[in-house]
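Beneath this line is the structure, given in structure tokens, with notes to follow.
The values are calculated or read from the model by the stated rules, or taken from the named source; none is laboratory data. The structure presented is a predicted model; accordingly, all values stated were derived computationally and were not measured. Neighbour counts are summed over all protein chains in view; Cβ atoms, including those assigned to glycine, are modelled from backbone coordinates with ideal geometry.
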Amino acid sequence: MRYRLTFLPALLGCGAWLALAPPATAQTGNLHLPATVVAGSGFTVQTSGSGPATLYITGTGAAVRRQVQLGDPVSFAAGDLDIAGHYVAFLEEGGATDVKEFDVVPAPRPGSLAFLAKPSRLSVDLHDGISGAVYIFDAYHNLITKPMPVSFQLSVPDAAVESRTVQSHDGAAWTQMNSSSREGAARFVATAGDVSSTRVIEQVPGDPCSLKMSAHPDGQKIALATDPIRDCSGNPIPDGTIVTFTETYDGEQTTVDVPVKKDIAQADVPAHDGARITVATGVVLGNEIRWAR
Amino acid sequence: MGRLIAIVIILATIGLVIIGTLWPIPTAAAYAGETSGPAHSWSSPQASVQSLAHDIARHHWAPAYASLENKGEFNEQDLIRDLNGAQFSLRTFADLESFRVRPLHESDDRAEMQLQMHWSTVVGNFDDTRDVAVVRSGDRWKPVWPIVKEPRVPPQVIPVNYLRWDVIYRGGGDDWAAQDVESPHVRIVDMHPVERAAGVVVMGELLNEDVVPAYVHVRATLMAKSGKAIGSEVSFDRISHLLLPKQVTPFFILFPNAALSDVASIRMEPTATLVAASADPVIEIQNQKLNPMPTPSLTGALVNQSGQVVNIAHVLGTFYDKTGQLVWVADRYIDRALMPQVPVSFSIPIPQDLAGKISTERAVVSTYSQNNDL
């Protein structure tokens, strides 16, 4: 906001000048500019001739007006022009104008990364399940379009680090990674130059690989309990996962949905000799028990 | 012309007010606080039970209790708890929409009447049928109310340590590329459209294949051969909205007045939102039984294995044929609260024409507890 207010009069001045000024006349040598200026860096504009003049520089989101003395160099401090883009400089002296164009280019060194990582939670062992996209910006938030290597690293404690290096293209780089076979919070780090950005990907266990229960008499009830439930990579199924026990006896059925707690699910069902008891979670079926005292 | 319409409207309004005042409908009369009317009579067994039913409909508990022969067996609060529920159950929010008294047996001093009460609630209707004995006491017939005492759970401490999920969502001040919590992943594992007299029904089952709880609903859109949408409906309350990890719910979507022959395809859109939830309470569904014709139904009993009172429970039944194909989805709200460890029976009617096809079933329960904000 401060920036906009500072340059508002200059911007209005440039607009008025563009509308009212006579066509530019060729006056070579009045204005000498570098072809490119690095965003945010200081630079100098050389002028030739003598007497007072007004220098206007206008471009993407920025406009500057300076009263200059022709023949003296005009210095711009670091940060005066920090928005990358195409600029036009006008040197106006009386009715004569010299016009030059130049580019403000992003600084070559990354200043920040916008790192989009999806999804934030997924199952273990998924091929190309994680996608990461990085937009590289300099210290002044200009998109660095010059190609540069970006490395992506996905790591889970006590597991091998998966890493890829991708060349950026038009300021962006992206990749896809496999989720590891170990559950846990994976650190997904993107690095360009000295700058890195980290996202956390929660890798969660997959479907149970095998579901096995056992039954024990408990008074008038049967106490059912599963073995520790794990996915096919050996990760314990998270607490809260619903396991359904079903007892069928004499044409009647009893079901109870219980959450897994500390890797196992437990429930009591009525004790009937000859009852058939099954267990399931989601679309995974477990073993079957015929109950006999 | 405008003046004529105004006069007609005024006259019509006056006429309707007069009609409503002279011959009010029972519900309006009850809201207006009308007490005894011509329906109150104790001169015959049937009239006596009708009078009692009128008092029940108007929640006039004191005269209803006073009219009973067996007052000594219970107090007025027991009667209220029997009919109106004790724990903010569905009965608490129900109105007696209509009733019917049917004589079963009658002698000089005693009669047996059947009182069929039809209660209405915002989630549908339920019926309550009581066989009421009526005895002569002088020149009056007095009902003997068959009280159903809601069981009281003895004071105790029930430790509950099931999981609870809380969620921190992305904040407004977070960076543009900051992550948000991922929505739960759900999947339709079964879908079956059928045509019924009421229209096209799209049924199916939805699985929460994630490790976090999900608040779900399903939208179906019928597409015509031309590619145009015929209609779009959601599962509304015929689904268990809260799905814990790896839990499966049936869903039932009705398209009134639609014909399956007009449908070329169906677009299904399951929606899942990550919500805070608790794994408590755990409800056991005991003695589930498929009852044959002539009144096919799924019956059973719900047992609340937790310590928290469940005010309203909703049972959804999924019915399959011999090959495991989905045949029907039906549901029923339970009118009584689920007290800890106290079985409460339920009955879900099954369409007669489908009863022969049904071989197996699966029931799930969704619950609402007043003291649980999750």
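For segment A:149-194, which positions are without any contact (Cβ under 8 Å) to a residue 40 or more places away in the chain, more than 19 Å from A:ALA139 (Cα to Cα) and in a loop (DSSP other than H, G, I, E, B)?
A:PRO157, A:ASP158, A:ALA159, A:ALA160, A:VAL161
Take the residues in segment A:231-244 that are part of a strand (DSSP E or B) and buried (at least 20 other Cβ atoms within 10 Å of the Cβ); name whichever of them is farthest from the other protein chains (Cβ to nearest Cβ).
Filtering first and then ranking leaves A:ASP231.
Using the structure shown, decide if B:VAL327 is within 13 Å of chain A (Cβ to nearest Cβ) and either of a type outside the set (Gly, Ala, Ser) or farther than 28 Å from A:VAL279 by Cβ (or both).
Spelling it out, it is not the case that B:VAL327 is within 13 Å of chain A (Cβ to nearest Cβ) and either of a type outside the set (Gly, Ala, Ser) or farther than 28 Å from A:VAL279 by Cβ (or both).
When you scan segment A:255-293, how many residues do you find that are free of Cβ contacts under 8 Å to residues at least 40 places away in the same chain, part of a strand (DSSP E or B) and among the charged types (D, E, K, R)?
Number satisfying all stated conditions: 5.
Go through B:ASP280, B:ASP210 for me and flag whichever is under 22 Å from B:ARG187 (Cα atoms) and of a type in the set (Asp, Glu).
B:ASP210
Among what's in segment B:119-157 and is modelled with pLDDT under 90 and aromatic (Phe, Trp, Tyr), pick the residue that is surrounded by the most Cβ atoms within 10 Å (Cβ to Cβ).
B:TRP141
For B:ILE168, only one of the following conditions fails: (1) away from every other protein chain (no Cβ under 14 Å); (2) exposed (fewer than 12 other Cβ atoms within 10 Å of the Cβ); (3) among the aliphatic types (A, V, I, L, M). What is its number?
(1)
Quick one: in segment A:245-284, which of the residues that are small (Gly, Ala, Ser) and farther than 25 Å from A:PRO205 by Cα is farthest from the other protein chains (Cβ to nearest Cβ)?
A:GLY274
Mind telling me which of the residues A:ASP138, A:ASP98, A:ASP80 ends up being more than 30 Å from B:SER183 (Cα to Cα) and surrounded by fewer than 21 Cβ atoms within 10 Å (Cβ to Cβ)?
A:ASP80
Looking for whichever is more than 30 Å from A:ARG230 (Cα to Cα) and surrounded by 20 or more Cβ atoms within 10 Å (Cβ to Cβ) here; the options are B:VAL211, B:VAL202. Which one fits?
B:VAL202
Pick from B:THR318, B:THR323: which is surrounded by fewer than 15 Cβ atoms within 10 Å (Cβ to Cβ) and of a type in the set (Val, Ile, Thr)?
None of the others qualify; the one that does is B:THR323.
Of the conditions (1) in contact with a Ser or Thr (Cβ under 6 Å, 6 or more places away or on another chain); (2) in contact (Cβ under 8 Å) with a residue 40 or more places away in the chain, B:THR318 satisfies every one except a single condition; which number is it?
For B:THR318, the failing item is (1).
Filter segment A:179-200 for residues that are of a type in the set (D, E, K, R) and within 11 Å of chain B (Cβ to nearest Cβ); which is nearest to B:VAL211 (Cα to Cα)?
Once the filter is applied, the top-ranked residue is A:GLU183.
So, B:PRO250, is that one surrounded by 19 or more Cβ atoms within 10 Å (Cβ to Cβ) and in the same structural domain as B:PHE236 (by TED's automatic domain parsing) or not?
Considered against the rule, which asks whether it is surrounded by 19 or more Cβ atoms within 10 Å (Cβ to Cβ) and in the same structural domain as B:PHE236 (by TED's automatic domain parsing), B:PRO250 comes out as yes.
Quickly run through segment A:170-188 and pick out the residues that are surrounded by fewer than 20 Cβ atoms within 10 Å (Cβ to Cβ), of a type outside the set (S, T, N, Q) and either more than 15 Å from A:GLY132 (Cβ to Cβ) or touching a Ser or Thr at 6+ places or on another chain (Cβ under 8 Å) (or both).
Within segment A:170-188, A:ASP170, A:GLY171, A:TRP174, A:ARG182, A:GLY184, A:ALA185, A:ARG187 qualify.
Inside segment A:79-98, can you point out the residues that are touching a strand residue (DSSP E or B) at 6+ places or on another chain (Cβ under 9 Å) and part of a loop (DSSP other than H, G, I, E, B)?
A:ASP80, A:LEU81, A:ASP82, A:ILE83, A:ALA84, A:GLY94
Under 6 Å between Cβ atoms, which residue pairs at least 6 apart in sequence (or on different chains) link something in segment B:93-121 that is in the same structural domain as B:ARG58 (by TED's automatic domain parsing) and within 19 Å of B:TRP61 (Cβ to Cβ) with a partner that is assigned to a strand (DSSP E or B) and hydroxyl-bearing (Ser, Thr, Tyr)?
B:PHE93/B:THR121; B:ALA94/B:THR121; B:ASP95/B:SER120; B:GLU97/B:SER120
Go through segment B:188-219 and give me each residue that's assigned to a strand (DSSP E or B) and facing another protein chain (nearest Cβ under 9 Å).
Scanning segment B:188-219 gives B:VAL189, B:LEU207, B:ASN208.
Output the residues belonging to segment B:84-114 that are of a type in the set (A, V, I, L, M), under 20 Å from the mean Cα position of the chain (by Cα) and farther than 14 Å from B:ILE334 by Cα.
Answer for segment B:84-114, where residues must be of a type in the set (A, V, I, L, M), under 20 Å from the mean Cα position of the chain (by Cα) and farther than 14 Å from B:ILE334 by Cα: just B:LEU96.
Among the numbered conditions (1) within 25 Å of the chain's Cα centre (by Cα); (2) over 16 Å from B:MET191 (Cβ atoms), tell me where B:SER261 comes up short.
Condition not satisfied by B:SER261: (1).
Residues in segment B:254-303 that are at pLDDT below 90 and assigned to a loop (DSSP other than H, G, I, E, B): how many?
Counting residues in segment B:254-303 that are at pLDDT below 90 and assigned to a loop (DSSP other than H, G, I, E, B) gives 11.
Among the numbered criteria (1) buried (at least 18 other Cβ atoms within 10 Å of the Cβ); (2) in contact with a Gly (Cβ under 8 Å, 6 or more places away or on another chain); (3) assigned by TED's automatic domain parsing to the domain that holds A:GLY61, which one does A:ALA89 miss?
(2)
Out of (1) in contact with a strand residue (DSSP E or B) (Cβ under 8 Å, 6 or more places away or on another chain); (2) modelled with pLDDT of 85 or more, what's the single condition that is false for A:GLN27?
Exception for A:GLN27: condition (2).
Looking only at segment A:201-215, filter to residues that are farther than 11 Å from A:THR241 by Cβ and more than 10 Å from chain B (Cβ to nearest Cβ); which one of those is nearest to the chain's Cα centre (by Cα)?
Looking at the filtered set, the residue picked out is A:GLN203.
Among the residues of segment B:142-184, how many are under 30 Å from B:PHE74 (Cβ atoms), of a type in the set (D, E, K, R) and touching a strand residue (DSSP E or B) at 6+ places or on another chain (Cβ under 9 Å)?
Qualifying residue count for the region: 1.
Just the residues that are closer than 30 Å to A:VAL37 by Cα and among the hydroxyl-bearing types (Ser, Thr, Tyr), please, taken from segment A:117-176.
A:TYR135, A:TYR140, A:THR145, A:SER151, A:THR165, A:SER168
State all residues of segment A:117-137 that are within 12 Å of chain B (Cβ to nearest Cβ), closer than 14 Å to A:LEU154 by Cα and either in a strand (DSSP E or B) or out of contact with any His (no Cβ under 9 Å at 6 or more places or on another chain) (or both); if no residue qualifies, say none.
Result: A:ALA117, A:LYS118, A:SER120, A:ARG121, A:LEU122, A:VAL124, A:LEU126, A:GLY129, A:ILE130, A:GLY132, A:ALA133.
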